[in-house]
1. Could you look at the chain and say what percent of its accessible area is carbon and sulfur, using a 1.4 Å probe and all protein chains?
2. So for the pair Lys58, Ser30, with labels modelled 7 Å out along Cα→Cβ, what separation do we get in nm?
3. Which lysines have a Cα less than 24 Å from the Cα of Lys86, not counting those fewer than 8 places away in the same chain?
4. List residues of the stretch 8-33, by number, whose backbone nitrogen lies under 14 Å from a label position 7 Å along Cα→C-beta of Thr112.
5. Please give the direction-averaged projected area of the C-alpha convex hull for the chain, in square nanometres with one decimal.
6. If amide H atoms are built 1.01 Å from N in the plane of the peptide, which residues on other chains or at least 5 residues away come under 5 Å of the amide H of Leu85?
7. Probe radius 1.4 Å, ligands and nucleic acids left out: which of Leu29, Leu4 has the largest accessible area, and how do the rest follow?
8. May I ask you to derive the FRET efficiency for Arg101 and Ser17 from their Cβ-Cβ distance with R0 = 35 Å, giving the value to the nearest 0.05?
Amino acid sequence: QVQLVESGGGLVQAGGSLRLSCVASGSILSINTMDWHRQAPGKQRELVATIVSVGYTKYADSVKGRFTISRDNAKPAVYLQLNSLKPEDTAVYYCKYRDSRGDFWGQGTQVTVSS
């Protein structure tokens, strides 16, 4: 089993920045993918960014150029740098770990962006 602990959420002004972290523990496989998802009230959960073990990344169109995903394979951990934040970025952000055995989710961290 894999456990994920997220942190770094908070309240920021529009245009500000936050850095989210997700530390994984348990039975981690060398080949895996880690994602950040978010869910705003009344909306479906959406994929924000993904990164594979070798470093390949992909972003949702809505965050391209503003958010950056990275990972530390030694811990292991995944991070999401959120820059130029907009009120519409307000959501609970979830970390997800995926390998050949299945998916594992964190409990989420709240990001609130004020105008």
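The values are calculated or read from the model by the stated rules, or taken from the named source; none is laboratory data. Keep in mind the model is a prediction, meaning the values are calculated, not measured. Please note: Cβ atoms are built from the backbone with ideal geometry, for glycine as well, and neighbour counts cover all protein chains shown. The protein model used for the area step is the full one, side chains on, heavy atoms only, and it has no ligands, DNA or RNA in it. Shrake-Rupley method; radii C 1.70, N 1.55, O 1.52, S 1.80 Å.
1. The C+S portion of the solvent-accessible surface of the chain is 50 percent.
2. About 2.4 nm separates the two model spin labels.
3. Lys43, Lys58, Lys64, Lys96
4. 9-14
5. Orientation-averaged projected area of the Cα hull: 6.7 nm².
6. Result for Leu85 returns Gly15, Gly16.
7. Leu29, Leu4
8. Computed FRET efficiency for Arg101 and Ser17 comes out at 0.50.
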